[in-house]
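The next block holds one structure in the form of structure tokens; read it before the comments.
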Amino acid sequence: MKASDLFVKALEAEGVEYIFGIPGEENLDLLESLRTSNIKLVLTRHEQGAGFMAATYGRLTGKVAVCLSTLGPGATNLVTPAAYAQLGAMPMLMVTGQKPIKTSKQGRFQVIDAVDMMRPITKYTTQVVSGDRIPSVVREAFRVAHEERPGAVHIELPEDIAAEDTSQPLLKQSMARRPIAEYKAINKAIDMIQEATSPVILIGAGANRKLTAKMLREFVDKTGIPFITTQMGKGVLDERDKLFVGNTALSDGDFVHQAISRADLIINVGHDVVEKPPFFMHHDGMQVIHINFEPAAVDPVYFPQLEVVGDIANSVWQIKEGITPQPDWKLDFYLDVHEAYVKHRDEAENDNRFPILPERFVKDIRKVMPEDGIVTLDNGVYKIWFARNYPAYMPNTLLLDNALASMGAGLPSAIAAKLVNPECKVLSVCGDGGFMMNSQELETAVRLGLDLVVVILRDDAYGMIKWKQSHMHFDNFGLDYGNPDFVKYAESYGAQGWRVDATDALMPIVQNCLDTPGVHVVDCPVDYSMNDETLNRTIRKLSQQLQGDKS
């Protein structure tokens, strides 16, 4: 058997459904082996888009996704997606080509050490030096990518190795179960929660699993303890719940931070220091229980007093089973925070000015999206508004990245989300800056025949940095640019283009796009001029009115 055939059979044995990427000369044996495989090749227009698609597939399914590139520039284009998957805990395998390693006819042309390049940003990286090693290399890559904490792995398959013969058999998958937390840690957690005065739950990225969400729901229902989410923990529990206190989209000064400052115990479920810190610990007062698959990474702002290490869902279940809700818990303040947050959010979202304000935009998108509809975000200032103002009803229905926080991921992520959930409505929100970084993947979406909506928030500038620039009292400089006519741009790819010319026009346009087959691109002008005032001053002032008596 040709080694490339064995490689593809090893991928099939791992349950691979899609390979995203761009083949090159050094992948042609592998491409021919894929031609007769049941694995679907999704040919993309840039390797970065392929990597973002694979990472999102892994994020949504929990399975190891695969992306493909050639050597040299193809491999270097996967560096950003590798970091995206690694920091975001998304299981992904990158397969890159290489010149023949047994003989050389082209010197060092296009040759870089891709294995060493990938080492700092992957869990595992290796070059296949013999066709006989393919079964063990592929099995190990999948095992490492999938085990906690999930992440990126890389295999380099040289051209001559792919073409050689091998008779090595495949390896069977082993069964591995996550360990459960030690009973003393569980009992200590129960004691700390029952002895606390004002406990609160904080839900992070690691809790975004179906069974964990179920166990957390049961825990909250039994105890009545309110909950807070990080940006990547949104939707684990339904955020319409009156016990939802808010999202830590801002670093401080928001309503949710008043709740955090009042808490004497934070039950931190699925927290990862890769995410922007959801709160800042001090050496007095607040205590933290760390519940996660792996031990805490201690940081100057994060040093938990108890670590409950093991399968999160099982840990939450054990604590729920053993805990007794306490009549002297003081939780009413959290309900006051919830009411104040919702009141301010609803008032701010009714502004009808045009170009549209981001908080009004978020409100209108929430209204048109069904409960299970998926919104994927690129990276920009609107991400803060969605994290803070968009109530997520179900896990993985608002996909944003608060780990690497890379621009250019919004559209590729939407493509992957639609492939994984073909029956769900999928909408991507991109800034004009992030959209243009991988806008060529519109052609991929059209070619795949997807039903997809892309809304571009256009401010003709790198808005996130302009906000920061303004906050630092610097002059406006170096961040403005021009844009194409996005309607014509969409049409040139075979998509349908739309332009919002009034705030009230947004909802009917987006609703029509969601209801009409095909790829739709909506150009929506946005006004970020109030960001600094609203996010850094108004919200801070209103939230401080909640401080009151902490006794």
**Fill in**
Only one of V375, V381, V308 is touching a helix residue (DSSP H, G or I) at 6+ places or on another chain (Cβ under 9 Å), under 30 Å from D432 (Cα atoms), crowded, with 20+ Cβ neighbours inside 10 Å and modelled with pLDDT of 95 or more, namely V375
**Fill in**
A careful count of residues in region 289-319 that are more than 22 Å from K210 (Cβ to Cβ), of a type outside the set (A, V, I, L, M, F, W, C) and in contact (Cβ under 8 Å) with a residue 60 or more places away in the chain gives 2
**Complete:** Subset of region 440-476, residues more than 20 Å from F361 (Cβ to Cβ) and either surrounded by 19 or more Cβ atoms within 10 Å (Cβ to Cβ) or at pLDDT 95 or above (or both), comes to Q440, E441, L442, E443, T444, A445, V446, R447, L448, G449, L450, D451
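A quick yes/no check of all residues on (1) outside the structural domain of E47 (by TED's automatic domain parsing); (2) closer than 20 Å to E26 by Cα; (3) of a type in the set (S, T, N, Q):
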{"position": "K102", "(1), (2), (3)": "no, yes, no"}
{"position": "Q110", "(1), (2), (3)": "no, yes, yes"}
{"position": "M118", "(1), (2), (3)": "no, yes, no"}
{"position": "V128", "(1), (2), (3)": "no, yes, no"}
{"position": "V137", "(1), (2), (3)": "no, yes, no"}
{"position": "P169", "(1), (2), (3)": "yes, no, no"}
{"position": "M175", "(1), (2), (3)": "yes, no, no"}
**Prompt:** Looking at (1) outside any helix (DSSP H, G or I); (2) crowded, with 24+ Cβ neighbours inside 10 Å; (3) among the small types (G, A, S), which is the one condition that is false for A145?
**Reply:** (1)
**Prompt:** Somewhere in region 51-60, is a residue part of a helix (DSSP H, G or I), of a type in the set (V, I, T) and not assigned by TED's automatic domain parsing to the domain that holds G204?
**Reply:** yes
**Asked** What pairs can you find where one residue is in region 210-224 and closer than 9 Å to V316 by Cβ and part of a helix (DSSP H, G or I), the other is at pLDDT below 95 and among the β-branched types (V, I, T), and their Cβ atoms are less than 8 Å apart, with a gap of 6+ or different chains?
**Response** none
**Item:** Complete set of residues in region 112-133 that are crowded, with 21+ Cβ neighbours inside 10 Å and part of a helix (DSSP H, G or I)
**Value:** A114, M118, I121, G131
**Request:** Specify which of the listed residues (S136, S174) is over 28 Å from G246 (Cβ atoms) and assigned to a loop (DSSP other than H, G, I, E, B).
**Result:** S174
**Message:** Please determine whether any residue of region 48-70 is farther than 23 Å from P120 by Cα and out of contact with any Ser or Thr (no Cβ under 6 Å at 6 or more places or on another chain).
**Reply:** yes
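The values are calculated or read from the model by the stated rules, or taken from the named source; none is laboratory data. Note that this is a predicted model, so its numbers are computed, not measured. In this analysis, Cβ positions are derived from the backbone assuming ideal geometry, glycine residues included, and neighbour counts consider all displayed protein chains.
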